[in-house]
1. List the residue pairs whose Cβ atoms are under 7 Å apart, where the first residue sits in segment 242-270 and is in contact (Cβ under 8 Å) with a residue 12 or more places away in the chain, the second is of a type in the set (Asp, Glu), and the two are 6 or more positions apart or on different chains.
2. All but one of (1) farther than 20 Å from GLU179 by Cβ; (2) more than 19 Å from the chain's Cα centre (by Cα) hold for THR134; state the number of the condition that does not hold.
3. When only residues in segment 225-246 that are at pLDDT below 95 and among the hydrophobic types (A, V, I, L, M, F, W, C) count, which is surrounded by the fewest Cβ atoms within 10 Å (Cβ to Cβ)?
4. Given the conditions (1) of a type in the set (Ser, Thr, Tyr); (2) at pLDDT 90 or above; (3) buried (at least 18 other Cβ atoms within 10 Å of the Cβ); (4) more than 26 Å from LEU46 (Cβ to Cβ), which single one is not true for SER281?
5. It is to be established whether one or more residues within segment 27-41 are touching a Ser or Thr at 6+ places or on another chain (Cβ under 6 Å), of a type in the set (S, T, N, Q), part of a strand (DSSP E or B) and at pLDDT 95 or above.
6. Which residues, taken from segment 199-224, are modelled with pLDDT under 95, in contact with a helix residue (DSSP H, G or I) (Cβ under 6 Å, 6 or more places away or on another chain) and in a loop (DSSP other than H, G, I, E, B)?
7. Out of all the residues in segment 181-198, which are in a helix (DSSP H, G or I) and under 16 Å from the mean Cα position of the chain (by Cα)?
8. Can you work out which of the residues in segment 48-61 that are touching a Gly at 6+ places or on another chain (Cβ under 9 Å) and buried (at least 17 other Cβ atoms within 10 Å of the Cβ) is farthest from GLU114 (Cα to Cα)?
Amino acid sequence: MTLKQSMASPIVSKLRYNVGMDIPKRLLGRTGQDVTIIGLGGEGVLRTFGRETEAYRLINRALDLGINYCESARAYSGSESYYGLALKERRQEIFLTSKSHARDKKGALAHLHETLRNMDTGHLDLWQVHDVRTEDEIEEIFGGGGAIEAFAEAKERGLARFIGVTGHHDPRIIRRCIELFDFDTVLLPVNPAEPHYRSFIEEVIPLAVERGMGVIAMKVYFRGMAAQIAPGKLDLFYRYALSHPVTTAVIGCDTIGQLEENVRFASAFTALTEDEMALLSERLSRAARKLMYYKP
């Protein structure tokens with residue numbers, strides 16, 4: 001049986017959504033900030049150069065629809081600059097985030113100042129250590145002169161209100177980062193294939209919740225692969241993610257149509273039962289590794 005065939009089973013097919021009106025909000029851990037359960041990611045059309053008109057329309061449509069969590073990264077092509085062009089007087093409406101992949105203090109601070117210029121803002125609401133993968137990176141980030149010193153300094157100076165860490169390669173590495181520093185948030189993959197391959201859901205989320213951190217989901221659709229294996233059922237993957245103790249799921253969009261579809265999912269959100277989540281996850285178990293590391 002193929003993945004498409006298994007996803008078409010009556011048990012899975014009956015899990016549908018009804019269109020709602022407003023996007024629910026959840027508390028982002030101990031930050032005290034309420035953010036929408038869908039966030040605009042810096043991927044999709046925002047991870048490009050030279051598409052200012054499309055990016056401007058997408059960002060402002062997201063705000064018009066009620067999204068108040070917006071994310072980018074220093075590594076995401078022109079994404080930060082698109083936000084800077086689009087937000088203007090709307091900056092105060094949103095919880096604005098970005099990331100730095102620098103591993104030393106000097107490089108991270110340089111990234112921060114470039115980010116603030118690009119985004120045309122005096123501060124970030126959340127600044128995140130981006131995509132930590134190895135023990136060597138941990139030693140560099142948390143050692144003398146490491147990037148974490150820049151993050152702590154930024155928070156002390158009010159250039160970043162909160163500090164987070166992100167990763168999707170190895171849950172043990174992200175767990176170690178959380179043990180080494182008092183982060184406010186963690187961004188990690190949450191999808192039904194994830195429990196069968198290096199499970200962040202089992203290894204990281206419980207610790208984050210115990211420490212009062214805000215948990216942010218990514219890779220909800222396996223970088224777009226979900227649309228191929230389960231056409232017409234993307235809401236199941238979104239519902240799966242938000243049925244865990246996460247605050248929001250960041251989703252990159254190529255078009256306003258995709259954005260509006262995801263807002264419908266968020267507005268109509270109802271949690272899956274444990275049995276429904278287990279069934280969905282089991283149907284993807286054999287392809288878990290491929291799905292987790294799929295690159296379009």
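The values are calculated or read from the model by the stated rules, or taken from the named source; none is laboratory data. None of the values given here were measured: they were computed from a predicted structure. Backbone-built Cβ (ideal geometry, glycine too); neighbour counts: all protein chains shown.
1. VAL250/GLU71; GLY252/GLU43; PHE265/ASP235; SER267/ASP22
2. Condition (1) is where THR134 drops out.
3. Going residue by residue through segment 225-246, those that are at pLDDT below 95 are 225-237.
Those left that are additionally among the hydrophobic types (A, V, I, L, M, F, W, C): 225-227, 229-230, 234, 236-237.
On the way: MET225: 21, ALA226: 24, ALA227: 14, ILE229: 21, ALA230: 24, LEU234: 20, LEU236: 23, PHE237: 26.
Only one residue tops the list, namely ALA227.
4. Going through the list (1) of a type in the set (Ser, Thr, Tyr); (2) at pLDDT 90 or above; (3) buried (at least 18 other Cβ atoms within 10 Å of the Cβ); (4) more than 26 Å from LEU46 (Cβ to Cβ), SER281 breaks only (2).
5. Within segment 27-41, none of the residues are touching a Ser or Thr at 6+ places or on another chain (Cβ under 6 Å), of a type in the set (S, T, N, Q), part of a strand (DSSP E or B) and at pLDDT 95 or above.
6. Answer for segment 199-224, where residues must be modelled with pLDDT under 95, in contact with a helix residue (DSSP H, G or I) (Cβ under 6 Å, 6 or more places away or on another chain) and in a loop (DSSP other than H, G, I, E, B): VAL220, TYR221.
7. Taking segment 181-198 and keeping what is in a helix (DSSP H, G or I), we get 194-196.
Matches in segment 181-198: GLU194 only.
8. Restricting attention to segment 48-61, the residues satisfying the condition of being touching a Gly at 6+ places or on another chain (Cβ under 9 Å) are 48-52, 55, 58.
Next, from what is left, pick out any that are buried (at least 17 other Cβ atoms within 10 Å of the Cβ): 48, 55, 58.
Details: THR48: 17, ALA55: 19, LEU58: 23 Å.
By that ranking, first place goes to LEU58.
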